[in-house]
Amino acid sequence: MKMEQVRLRALFVILVGVICYGVADNLGFDPWMPTLVGGWITTIVVVAERGLIRASIRGLMIGGLGLAIGVVLANLLAYPILLIDPLKQLAPFILLFINVIFASVGLTVAVRRGEEITNFLSRLTGKKAQGRETKYKILDTSVIIDGRIADLCEIGFIEGILVIPNFILTELQQIADSSASTKRTRGRRGLDMLNRLQSQENIPTQIVDKDFPGIPEVDGKLLQLAKIMGADIITNDYNLKKVAKIQNVKVMNINEIATALKPVLLPGESLRISILKEGENPNQGVAYLEDGTMVVIEGGKKYIGKEMQVLVTSVLQTTTGKMIFTEIKNETGKERKRRVKGKAN
């Protein structure tokens, strides 16, 4: 598929060159110069195509502004030159050349300095920066593959602008092209989630080309980019959060958010749950809540495979999550005494 796209684009460049040659020849001009210029411009358009597709609406608007300014400056500069008599015959070529150069420079500078241009325009129009709405949040590879960030964006839980660095896209592409089936599946899921993020309307996404060739590790590049942009990082990597804390970079961990949102069960509350297997201690049964929280049921061994009403006795917070200790709610006093006596013996 990729090779076919390359061939089609190459054919398009050649076709534009042939058309330029034919038109120039019919008009009596030297056909080679228009052919080379047309092929050059078409090649630039083809190369820029992928970047334009991935660019955000904001990026396209800023790029268009830079392009327009470049064209205006080019014509202002070219007009006095074209008044010189020896250059009048070459006027079309000079005008085209200067416009292409200035338009390219204007577009490149505008895209690379998009954030500074946005801040300048905000100050120029007297508008203050919009606090949380303009807060950038950089996504790392793990959180894109995880996919829950897309759900959080769709329900409006995340605010600001999502930033996807180009080096993260490269890493996702490498994972998707891996020879290992597991990694390949994860990489393709990440690319699908990225398309989903770009298509949702609740929060804008922005592709950033900024790279740091002197920093080999992706985590290091993320931290450096976050410092430059004043952005937060959204990740699932606990080690990245530890390093970021040392460097005073704010990190949001999706796993920690999920843990914090788990329902709180207090001692004395009851719930109905299906006991799945035997626990570590005698007579214990083990069950799991929908979010994966482990529930230990005292005296639940004999009820394995059954759904029982249990009473919460205590909740233990561990480094890996919560553990809930319960006992069978409808257990009679004699049964409880017999179980306690058996444990004592």
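Go through Ile69, Ile164, Ile84 for me and flag whichever is within 30 Å of Ala24 (Cβ to Cβ) and at pLDDT 85 or above.
Ile69
Determine which single condition Ile203 fails, assuming it passes every other condition in (1) under 17 Å from Gly147 (Cα atoms); (2) loosely packed, with under 14 Cβ neighbours inside 10 Å.
The number of the failed condition is (2).
Just one of Val111, Val143 is buried (at least 16 other Cβ atoms within 10 Å of the Cβ), at pLDDT below 85, closer than 30 Å to Val218 by Cα and not acidic (Asp, Glu); which is it? Walk me through how you get there before you give the answer.
Values: Val143 fails: at pLDDT below 85.
When all the criteria are applied, what remains is Val111.
Scan the stretch 124-140 for residues that are at pLDDT below 75 and either surrounded by 11 or more Cβ atoms within 10 Å (Cβ to Cβ) or under 30 Å from Leu194 (Cβ atoms) (or both) and jot them down.
Ala129, Gln130, Gly131, Arg132, Glu133, Thr134, listed by residue number.
From the list Ile207, Ile275, Ile234, Ile215, which residue is modelled with pLDDT of 85 or more, of a type in the set (Val, Ile, Thr) and touching a Phe, Trp or Tyr at 6+ places or on another chain (Cβ under 7 Å)?
On inspection, the qualifying residue turns out to be Ile275.
Please find, among Ala287, Ala258, the residue that is in contact with a Leu (Cβ under 7 Å, 6 or more places away or on another chain) and among the small types (Gly, Ala, Ser).
Working: Ala258 fails: in contact with a Leu (Cβ under 7 Å, 6 or more places away or on another chain).
The conditions single out Ala287.
Pull up the stretch 9-32, narrow it to residues that are surrounded by 14 or more Cβ atoms within 10 Å (Cβ to Cβ), aliphatic (A, V, I, L, M) and within 12 Å of Thr43 (Cα to Cα), then point me to the one that is farthest from the chain's Cα centre (by Cα).
Applying the filter and picking the extreme gives Val16.
The values are calculated or read from the model by the stated rules, or taken from the named source; none is laboratory data. As the structure is a computational prediction, the values presented were derived from the model and not from experiment. In this analysis, Cβ positions are derived from the backbone assuming ideal geometry, glycine residues included, and neighbour counts consider all displayed protein chains.
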